[in-house]
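Worksheet for the structure shown next.
The values are calculated or read from the model by the stated rules, or taken from the named source; none is laboratory data. This one's a predicted model, so the numbers in the text were calculated from it and none came from an experiment. Ideal geometry is used to build each Cβ from the backbone, glycine not excepted, and the neighbour counts take in all protein chains shown.
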Amino acid sequence: MGESSSNSGDLHVAIVGAGIGGLACAIACRRANPPLRVTVFERAPELLTIGAGIHIPPNACRVVTRFGLLEKLKQAGGYEVQDFTLRRYQNGQILVEKPLKGRVEAEYGAQWIGDYQNVLLDEAVLSGAHIMTNAEVTGVQSASDGPQTVLLKDGRSISTDVVIGADGLWSGVREIVLERPFAPAETGDLAYRGTFTRDQLKAFNNERIDKLLEQSNIQVWLGPGKHAVFYPLRNHTEYNLVLIVADDLPSGVRTSQGSLEELAANFEGWDPILSDVISCLKSALKWKLLHFEELDQWTKGVIALLGDASHPTLPYQGQGAAMAVEDGAILGLLLTKLQNAGLPLNQNEKNARLASLFRLYENLRKERTKVNVEGAVHTRHYYHLSDGDEQRNRDRELSELPGKRWKGSCSFNWGDAQYQQSLLGFDVLADAEKKFDEWVAGVQEPVSKSAL
Ligand SMILES: Cc1cc2nc3c(=O)[nH]c(=O)nc-3n(C[C@H](O)[C@H](O)[C@H](O)COP(=O)(O)OP(=O)(O)OC[C@H]3O[C@@H](n4cnc5c(N)ncnc54)[C@H](O)[C@@H]3O)c2cc1C
């Protein structure tokens with residue numbers, strides 16, 4: 001796991017948090033030639049599976065493909081998702097089946113893959129990032145005329161050039177950036193999450209469950225104020241069930257063990273196959289779902305935030321981790337290009353140049369991630385419609401989408417071709433390269449473009 005400093009460039013990047021976003025940033029920084037020096041601080045005593053059950057939609061798949069990881073993902077059990085099926089809650093009737101396999105690659109330039117497993121973690125380690133576990137960051141001492149100092153709970157301190165706060169929903173680095181406490185807001189929803197092995201579900205000897213198991217689909221049942229999501233993991237050897245209901249956890253309680261009776265009661269009167277699947281659960285964790293609309297400030301000097309630290313979202317567009325991967329990859333790309341362009345030797349000027357680069361990063365990311373947070377709230381509205389006119393209009397619009405070959409407009413973002421194109425098809429790395437070149441041309445002391 002050692003970091004090789006002999007083949008590393010000058011820039012030392014400290015990343016707080018070894019979640020999906022922090023690891024994507026670490027990989028992107030290590031792909032530089034020469035690689036940046038990267039230290040990832042993770043407070044957990046060990047890194048268990050990171051990214052199991054988290055889908056990789058085409059916008060994130062484009063990034064991991066650029067990292068050269070698509071084949072590794074498939075070898076680790078990542079499969080290409082076939083379809084995205086929306087069903088009516090009462091009887092499981094298919095409202096619409098959106099084809100993903102083949103179509104998304106043609107339309108958005110990348111595939112839709114099942115889950116990350118530990119591929120990002122393995123790659124970050126292999127690439128030479130130094131990952132420290134049991135390393136809780138408690139503060140950062142900033143100096144405009146010197147390096148930054150990352151302070152750890154156990155008293156250690158580490159000197160670095162930049163600090164990336166990839167420390168998730170309850171980010172402490174966010175409070176350093178904002179210089180005040182800032183907690184995410186309750187959304188009013190909570191998620192029960194449970195997993196099954198294939199054998200557990202097979203043992204049920206239920207024809208309809210068996211049929212469900214053969215599909216490489218994301219299945220979503222839409223009902224008044226609630227929805228249910230079911231999909232395979234690890235090449236169909238495991239399955240994930242996520243059930244969304246109104247939040248009844250006391251304020252301040254983030255997770256708790258859910259009661260299976262209460263859970264089953266929540267979905268009484270829904271598609272019997274869903275009740276059958278729920279009855280196979282041995283336990284289900286309850287998660288309060290939190291988000292915020294927009295954070296004014298993502299950076300302070302040479303400290304920047306990414307992922308859930310800066311834009312936590314309801315998970316209803318399946319984009320939380322994907323946006324964190326985009327953030328991390330862009331930060332790595334920008335820092336790499338700046339290092340290759342040559343940084344000023346004077347520490348004050350170096351910090352000023354890095355701070356300006358981080359403002360460019362913030363500008364690149366804010367609008368896109370805000371659109372995603374709002375899109376997830378919009379999706380909640382359409383997923384959770386009560387029976388009535390609006391629900392019937394939604395179902396009619398959905399049923400017309402295959403006839404329009406998924407090309408037209410739709411009131412519900414999920415079916416709107418333009419919305420989906422900008423979410424899944426936009427090449428954020430190509431855009432960041434272009435904006436970096438414009439930024440270089442505009443900075444006070446222009447850097448030689450031939451060096452880039
Ligand atoms: C029910 C549910 C379903 C979801 N489904 C999807 C999905 O299908 N697709 C999708 O894209 N997203 C999904 N998400 C969202 C996704 O899980 C998150 O957006 C994503 O994991 C955020 O990654 P991150 O790297 O920003 O933060 P995290 O994964 O939270 O990582 C933060 C890391 O920082 C560490 N840390 C925190 N504080 C410190 C400190 N002081 N010092 C050192 N280390 C620290 C933590 O231990 C952690 O390892 C879902 C979320 C939920 C709740």
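Among the strands (runs of 3 or more DSSP E) lying completely within the range 141-245, list those that include at least 2 residues that are under 19 Å from residue 52 (Cα atoms) and out of contact with any Pro (no Cβ under 8 Å at 6 or more places or on another chain). First the steps, then the outcome.
On the way: elements: 148-152, 157-160, 162-165, 185-197, 217-223, 226-233.
The qualifying strands (runs of 3 or more DSSP E) are 185-197, 217-223, 226-233.
Table: residues versus (1) among the charged types (D, E, K, R); (2) over 22 Å from residue 350 (Cβ atoms).
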residue	(1), (2)
136	yes, yes
145	yes, no
162	no, no
174	yes, yes
177	no, no
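Is one or more of the residues making up the range 391-412 closer than 28 Å to residue 320 by Cα and under 23 Å from the mean Cα position of the chain (by Cα)? Spell out how you get there, then give the answer.
Residues of the range 391-412 closer than 28 Å to residue 320 by Cα: 391, 394-395, 397-399, 401-402, 405-412.
Filter again for under 23 Å from the mean Cα position of the chain (by Cα), leaving 412.
Yes.
Which of the residues that make up the range 392-419 are touching a residue at least 24 places away in the same chain (Cβ under 8 Å) and outside any loop (DSSP other than H, G, I, E, B)?
Scanning the range 392-419 gives 395, 398, 399, 413, 414, 415, 419.
Looking at the range 92-107, is at least one residue at pLDDT below 95, surrounded by 20 or more Cβ atoms within 10 Å (Cβ to Cβ) and within 30 Å of residue 387 (Cα to Cα)?
no
Among the residues in the range 119-129, are any free of Cβ contacts under 8 Å to residues at least 60 places away in the same chain and outside any helix (DSSP H, G or I)? Spell out how you get there, then give the answer.
Taking the range 119-129 and keeping what is free of Cβ contacts under 8 Å to residues at least 60 places away in the same chain, we get 122, 126.
Still in the list and also outside any helix (DSSP H, G or I): none.
Looking through the range 119-129, none of the residues is free of Cβ contacts under 8 Å to residues at least 60 places away in the same chain and outside any helix (DSSP H, G or I).
Within the range 285-311, track down each residue that is surrounded by fewer than 24 Cβ atoms within 10 Å (Cβ to Cβ) and within 8 Å of the ligand (Cβ to nearest atom).
287, 289, listed by residue number.
Could you please find all residues in the range 346-390 being within 23 Å of the chain's Cα centre (by Cα) and of a type in the set (S, T, N, Q)?
Residues satisfying the conditions are 363, 369, 372, 379.
Just one of (1) surrounded by fewer than 18 Cβ atoms within 10 Å (Cβ to Cβ); (2) within 20 Å of residue 24 (Cα to Cα); (3) away from the ligand (no atom under 11 Å from the Cβ) trips up residue 157, so point out which.
(2) is the only condition that residue 157 fails.
Looking only at residues in the range 45-82 that are of a type in the set (Gly, Ala, Ser) and within 12 Å of the ligand (Cβ to nearest atom), which one is surrounded by the most Cβ atoms within 10 Å (Cβ to Cβ)?
Looking at the filtered set, the residue picked out is 60.
Taking the range 320-351, which residues are among the small types (Gly, Ala, Ser), more than 16 Å from the ligand (Cβ to nearest atom) and either at pLDDT 95 or above or in contact with a Leu (Cβ under 8 Å, 6 or more places away or on another chain) (or both)? Before you say what the answer is, go through the steps one by one.
Of all residues in the range 320-351, those among the small types (Gly, Ala, Ser) come to 320-322, 324, 328-329, 332, 341-342.
Next, only the ones that are more than 16 Å from the ligand (Cβ to nearest atom) stay: 341-342.
Result: 341, single match.
Can you say whether residue 425 is out of contact with any strand residue (DSSP E or B) (no Cβ under 6 Å at 6 or more places or on another chain) and touching a residue at least 24 places away in the same chain (Cβ under 8 Å), as far as the supplied structure shows?
Working: out of contact with any strand residue (DSSP E or B) (no Cβ under 6 Å at 6 or more places or on another chain): yes; touching a residue at least 24 places away in the same chain (Cβ under 8 Å): yes.
It is true that residue 425 is out of contact with any strand residue (DSSP E or B) (no Cβ under 6 Å at 6 or more places or on another chain) and touching a residue at least 24 places away in the same chain (Cβ under 8 Å).
Pick from 189, 145, 167: which is in contact (Cβ under 8 Å) with a residue 60 or more places away in the chain, near the ligand (Cβ under 9 Å from one of its atoms) and out of contact with any Phe, Trp or Tyr (no Cβ under 8 Å at 6 or more places or on another chain)? It would help to see each step written out before you state the result.
Values: 189 fails: near the ligand (Cβ under 9 Å from one of its atoms); 145 fails: near the ligand (Cβ under 9 Å from one of its atoms).
None of the other options fit; the residue is 167.
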